Structure formats: structure tokens, C-alpha cells
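Right, one structure below, let's go through it.
The values are calculated or read from the model by the stated rules, or taken from the named source; none is laboratory data. Because the structure is a prediction, the values reported are computed rather than measured. Cβ atoms come from the backbone with ideal geometry, glycine included; neighbour counts cover every protein chain shown.
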Amino acid sequence: MMKHNQNRLRSHKSQLGIGIVEVLVALVVVSLGVLGMASLQLTGMQQSTGGYNRAKALLYAENMATRMRTNRPAIDGNNGYLFDGFESTGLNCATKPTPYCQASDAGDADSCSIAELAAFDLFSIACGDWGAGEANSGVIGSLPNGQMTIDCDDSPCTPTSTYTLNVAWSENQRLTTDLDDTVVRRVQMRMRP
């Protein structure tokens, strides 16, 4: 009987550290699971931001197409092709356009010629509406490195030509650790005004 109790004590003493090893293994497994969930969350946030930017870019392109269709005389050839060759990089968003062809908190809309309305439409989409002393919420201000271009697809441009509208922005590359690794995303729309 005594021998049997001694064997039990020995086996009990040899198993004293097993609980700690099991706890450490469980901790490692749980830690890996938490890291995996954090990675999924980050990827989901990046995808969500990319989709949101894509939706905004599409809305800007559609809004510009509508403004071009509304101001048809600006593209009929009698007044020149006022939208052709536009690049938002050359636009100064810090200066309010005059005349301001849209009603605002500051007052009623100014009377605008065809060329002034075309310039105002380009400013409004690229820079946004003029708010408290500055333009905001346009392609340039609401998309990371946002840019907009409009080009006539024919050379020379005619009243029946199609136009290509591009709205581009930058996004960080997914699946990389290099923060400087960016990709240019683009929404492109071809339209016949």
C-alpha cells in the first residue's frame, strides 16, 4: 500500500507544471486569434474607405456631366469648347469665383454669361461650394489627392463629340507595410452632352 502511495505522489509531483504550460499555450492561441481579428478589422476599414471614395468620385463625375448638359451652349462650338482640356490641378480654390453663379448664404446668384457659368461649374465640382471664407467639399478637398480632368474625345472637338471625365484620388496600397506605397484610383465617365 505504501508503494502505491509513493507512486501516486511521484506522478502528482511530475504533473505540477503541466497547468502552467497549458495556460501559456492557450494564451498564445488566443493572442493569435485576437491579432487575426484586428487584421480583419483593418482590412474592412480600408475597403470601406475605398468604397466611400469611389462613391464620392462617381457622384462628382455625374454632377459634372449634368452641369455640362445643362450648359449646352458651352459645348456647342459657338462659344468655344469651354470644358475641354480642364485640369483641376491648375485651379485656385482659395479665391472665390466672380461672379458667383449660385445662391448662397451671402446672397442671391449673380447673373452669369455662358463662359462664366462654365467656369463656375468647374470650380464648384473641383473645389466645392464657397462656405465660410473658403471652398470646401469638392473633388480636391474631399478625396485624398483628388483631381478632375475633362477632355473632348475628338480633335478638333465638335458639337457631337463625346467627353471623358476623370476623377482620380490616391489610396494606400492594401497588404503592404510601406505607408508611402499608394495607388491612384480613378472613376472615368464617357458622355455625350
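Overview of results
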{"item": "So T49, is it without any contact (Cβ under 8 Å) to a residue 24 or more places away in the chain and either in a loop (DSSP other than H, G, I, E, B) or hydroxyl-bearing (S, T, Y) (or both)", "result": "no"}
{"item": "Residue among S39, S48 that alone is out of contact with any Gly (no Cβ under 6 Å at 6 or more places or on another chain), at pLDDT below 80 and either within 28 Å of R186 (Cα to Cα) or surrounded by 10 or more Cβ atoms within 10 Å (Cβ to Cβ) (or both)", "result": "S48"}
{"item": "L16 being modelled with pLDDT of 90 or more, among the aliphatic types (A, V, I, L, M) and either part of a loop (DSSP other than H, G, I, E, B) or more than 30 Å from C157 (Cα to Cα) (or both)", "result": "no"}
{"item": "Out of G138, G107, G146, G131, sole residue that is surrounded by fewer than 19 Cβ atoms within 10 Å (Cβ to Cβ) and in contact with a Phe, Trp or Tyr (Cβ under 9 Å, 6 or more places away or on another chain)", "result": "G107"}
{"item": "Test result for I75, of a type in the set (A, V, I, L, M) and either under 21 Å from R190 (Cβ atoms) or in contact with an Asp or Glu (Cβ under 7 Å, 6 or more places away or on another chain) (or both)", "result": "yes"}
{"item": "Qualifying residue in the stretch 55-66 (condition: among the β-branched types (V, I, T) and either under 30 Å from C157 (Cα atoms) or surrounded by 15 or more Cβ atoms within 10 Å (Cβ to Cβ) (or both))", "result": "yes"}
{"item": "Qualifying positions in the stretch 110-128 - surrounded by fewer than 17 Cβ atoms within 10 Å (Cβ to Cβ) and charged (D, E, K, R)", "result": "D110"}
{"item": "Residues located in the stretch 84-104, provided they are touching a residue at least 24 places away in the same chain (Cβ under 8 Å) and either touching a Lys or Arg at 6+ places or on another chain (Cβ under 9 Å) or not aromatic (F, W, Y) (or both)", "result": "D84, G85, E87, S88, T89, L91, C93, A94, K96, P97, Q102, S104"}
{"item": "Segments classed as strands (runs of 3 or more DSSP E), wholly inside the stretch 84-193, with at least 2 members that are modelled with pLDDT under 90 and more than 18 Å from the chain's Cα centre (by Cα)", "result": "128-130"}
{"item": "Residue count, the stretch 71-83 (criterion: part of a loop (DSSP other than H, G, I, E, B) and either in contact (Cβ under 8 Å) with a residue 40 or more places away in the chain or more than 18 Å from T164 (Cβ to Cβ) (or both))", "result": "8"}
